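Participant: Following this message is one structure expressed as structure tokens.
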Amino acid sequence: MRRVGEPWKTWRAGCAAALWGVMAASGAWAQQPATGGAEVVIGQVAPLSGVLASTGEQMVLGGRIYFDAVNDQGGVNGARIRHKVVDDGYKVDETVRLTKELLARSDTVALFGFAGTANVARLLDEGVLERGGAALVAPYTGGEPLRNPFNPWIFHVRAGYGDETEHMVQQVTTLGLKRIAVMYQDDAFGKAGLAGVGAALQKRNLPMAAAASYERNTDKVDDAVKAIKASDAQAVIMIAINKPAAAFIKRYRESGGGAQLFNISVVDPAELVKSAGLANARGLGISQVVPYPYRPDLPAVREYHQLLKKYAPGQEPNYTSFEEFLGAKVLVEALRRAGAAPSRARVLRALESMSNYDLGGVFVNFSNANRIGSRYVEVTVIGSSGKLLK
């Protein structure tokens, strides 16, 4: 079991990747129990293996450093937070199975930081969240089906894919580019982004130059490269995760494709540069749903840098871990408001009370009729050194 405060890099180096599922299922990730056993359990299902593994690790890290800091300061209302993490490999059926297991535990008071539009949508479709009665805070998805129609169980800290695609299309058309294509993952995630681009183009009376998909959990993008290259698009908006996005960028550029490339927020620029090569990834625009985490200009970013240095030395700031760090702050405040004996229902009501709540220069706004805490979007660009620029 990892001790509170033990360096992330040191701990991780001692564990083979194949042991993630066993460790998580046995509670090996969990914090040490408090004296007298007072604790609250937060359940997280994350993709720690498979095509989204690097993203999943950063998602867990962002929450973990804040939960560790809270525990070191005595916990919440005298109880320590036990952060129980299990690996779904980005597989929908596993997400459902593992969520049911977490919710079968009476001590699980809330869920946190899941990934995947299709994964979370299945939880809604099968009534898993409704039967469990627990709030899911800060899922790493902007899928519109998780937001509309309204459901009471999911509290979004990020803007939706519709907000992101509208912002990107606005930027592209402002530059005078009108032939816009979409490369998307063939599932609920990709189709949500595709619909967002389509709506933004329709608003401007523009046709879509091309729409080409790739299969979920693969990086088989050759057909998409050919279709979009043939469309002579001036800009391509990708609704893709790290590995297939990098594969598309590399193969499209190497085939002579010259369109301006964009990707939705769920990618790690460092991973894209590493996999696609700097020459190919340079100039890629990436929409972002939280403020720039690399300069400590805001109080929340300064706190994030401090805790990252203390609890995960050697780990670099990035958008993914910062987003889930903010989500952890939301959840901890809800636990505080829920009182000394938080139940699932009390945590949910506490989240509803967080109107225009300040996380440190970053605000979220929830109510009994609103679960979309933020609509913040900006576009960043991979620069000539491989770093992300505003």
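Participant: Tell me which residues come under 5 Å, amide H to amide H, from Gln260 once H is placed; ignore anything under 5 positions away on its chain.
Facilitator: Ala235, Val236
Participant: Also, quick follow-up: Straight-line reach only, C-alpha to C-alpha below 28 angstrom: list the lysines that Lys203 could link to, leaving out same-chain residues fewer than 8 apart.
Facilitator: Lys203 reaches Lys178, Lys191, Lys226, Lys229, Lys390.
Participant: Using label points projected 7 Å from each Cα along Cα→Cβ, tell me how many nm separate Asp186 and Lys226, to one decimal.
Facilitator: 1.4 nm
Participant: Follow-up question, since we're still on this one. Determine, for Glu323, Glu39, the number of other Cβ atoms within 10 Å of each Cβ, and report the residues in order from fewest to most. Working shown, then result.
Facilitator: Values: Glu323 25, Glu39 19.
By the 10 Å Cβ count, ascending: Glu39, Glu323.
Participant: Another one. Mind giving me the nanometre distance, one decimal, between the label points for Ala104 and Lys309, set 7 Å out from Cα along Cα→Cβ?
Facilitator: 4.5 nm
Participant: By count of other Cβ within 10 Å, fewest leading, how are Lys243, Lys274 ordered? Kindly include the intermediate steps, with their values, before the conclusion.
Facilitator: Details: Lys243 21, Lys274 15.
Ordered from fewest to most neighbouring Cβ atoms within 10 Å, Lys243, Lys274 come out as Lys274, Lys243.
Participant: Now, a different point. So, R0 is 22 Å and r is the distance between the beta-carbons of Ser343 and Asn77; what FRET efficiency does that work out to, to 0.05?
Facilitator: On the way: r = 13 Å, r/R0 = 0.59.
Result of the calculation: an efficiency of 0.95.
Participant: Defining a contact as two alpha carbons under 8 Å apart and six or more residues distant in sequence, what relative contact order in percent does the chain show? Could you put the intermediate results ahead of the total?
Facilitator: Values: 808 pairs, mean separation 71.1, N = 390.
It comes to 18 percent, rounded to a whole number.
Participant: Which order results if Glu352, Glu130 are arranged by neighbouring Cβ count within 10 Å, fewest first?
Facilitator: The fewest-first ordering by Cβ neighbours comes to Glu130, Glu352.
Participant: What length, rounded to one decimal in nm, is gained on full extension from Arg302 through to Ala279, with 0.36 nm per residue of separation minus their alpha-carbon distance?
Facilitator: Working: separation 23, 0.36 × 23 = 8.28 nm, distance 3.20 nm.
So the chain would gain 5.1 nm between Arg302 and Ala279.
Participant: At 0.36 nm per residue, minus the direct Cα-Cα distance, what do Ser355 and Asp93 gain on full extension? Give it in nm, one decimal, please.
Facilitator: Working: separation 262, 0.36 × 262 = 94.32 nm, distance 3.46 nm.
Value of the extension gain: 90.9 nm.
Participant: Just subtract the alpha-carbon distance of Thr174 and Gln202 from 0.36 nm times their residue separation and send over the number in nm, one decimal. Spell out each step's value before the answer.
Facilitator: On the way: separation 28, 0.36 × 28 = 10.08 nm, distance 1.54 nm.
Gain on extension, Thr174 to Gln202, equals 8.5 nm.
Since every read-out is calculated from the coordinates, none of them should be taken as a lab result. Please read these numbers as outputs of a predicted model, since none were measured by experiment. Positions of Cβ are generated from backbone atoms using ideal geometry, with glycine treated the same way; all protein chains shown enter the neighbour counts.
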